[in-house]
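Heads up, the thing below is written out as structure tokens.
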Amino acid sequence: MGERRTVKVSKYLSRHLRHQPARIGLTLDPAGWVDIDALITAAAEHGFPFTREELDRVVATNDKQRFTIEGTRIRANQGHSISVDLSLPPATPPPYLYHGTHPRALESIRATGLKPMNRHAVHLSSDRGTATRVGARRGRPVVLVVDTGAMHRDGHVFHVSANGVWLTAAVPPRYLCFP
Ligand code: HQG
């Protein structure tokens, strides 16, 4: 299985496990899980056939560990736009985390802070390199430092996904340090 095929299957899984399961007639359970056989069948019926072996390989080798298989079911670890309750326990963040964005968003972020936009939560990275890659998806990357220690002391709640992405509802401007 080549790199291009792996990325294609991964993107297909992200689309249907995070955003549009109904597009292929799937319903996720409240925690975001779906039966693997049902997923494979639905994908094939909607013109995107892949095998169980391909699925296992994409899940195992995924650069960001985006998916978890548990028994006969699979879910995305984070990044949903549809309503799911991942039931992640609250976690204590490190003193600082990073958010990668791009120049066009800065004026609005200065005014209103970080918002989840189309997703459930604001995504924060534990290192600058990851945040730089996230920001670079949309243009010249700009890395903001978030005073997550202060946020935590002030009662903001954090979760960390199975693949190490930090999630919080919003980041008010006073906790942000701009470059
Ligand atoms: C920006 C990918 C204006 C925010 C990545 C970002 C990540 C604002 C965009 C994960 C704003 C939202 C998430 C405000 C935030 N005004 N713009 N007040 N607040 N923004 O894609 O963090 O490959 O929803 O800076 O690697 O970029 O999908 O979030 O530019 O981990 O697994 O609004 O998605 O992972 O964009 O990326 P996104 P994100 P996957």
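Inside segment 60-80, can you point out the residues that are under 21 Å from ARG133 (Cα atoms), within 15 Å of the chain's Cα centre (by Cα) and touching a residue at least 24 places away in the same chain (Cβ under 8 Å)? Across segment 60-80, the qualifying residues are ASN62, LYS64, GLN65, ARG66, PHE67, ALA76, ASN77, GLN78, GLY79, HIS80. Yes or no: segment 151-159 includes at least one residue that is over 18 Å from ASN77 (Cβ atoms), outside the structural domain of GLY32 (by the TED database) and among the small types (Gly, Ala, Ser). Checked against the condition, which is being over 18 Å from ASN77 (Cβ atoms), outside the structural domain of GLY32 (by the TED database) and among the small types (Gly, Ala, Ser), segment 151-159 yields at least one hit. When THR132, THR61 are checked against the criterion of being more than 8 Å from the ligand (Cβ to nearest atom), farther than 19 Å from LEU17 by Cα and open to solvent by 50 Å² or more (accessible area, probe 1.4 Å), a single residue qualifies: THR132.
The condition (being among the acidic types (Asp, Glu) and within 16 Å of the ligand (Cβ to nearest atom)) is satisfied by just one residue among GLU107, GLU45: GLU107. Scanning segment 78-119 for residues that are in the same structural domain as PHE158 (by the TED database), closer than 22 Å to ASN62 by Cβ and surrounded by fewer than 19 Cβ atoms within 10 Å (Cβ to Cβ) gives ASN118, ARG119. For segment 135-161, a tally of residues being in contact (Cβ under 8 Å) with a residue 60 or more places away in the chain and within 12 Å of the ligand (Cβ to nearest atom) returns 1.
Looking at THR130, THR68, THR148, THR92 in this structure, which one is among the polar types (S, T, N, Q) and closer than 15 Å to LEU13 by Cβ? Of THR130, THR68, THR148, THR92, the one residue that is among the polar types (S, T, N, Q) and closer than 15 Å to LEU13 by Cβ is THR68.
The values are calculated or read from the model by the stated rules, or taken from the named source; none is laboratory data. Just so it is clear, the structure is predicted and the values come from calculations on it, not from any experiment. Glycine gets a Cβ as well: all are built from the backbone with ideal geometry, and neighbour counts include every protein chain shown. Ligands, DNA and RNA are excluded from the accessible area calculation, which covers all protein heavy atoms including side chains. Shrake-Rupley method; radii C 1.70, N 1.55, O 1.52, S 1.80 Å.
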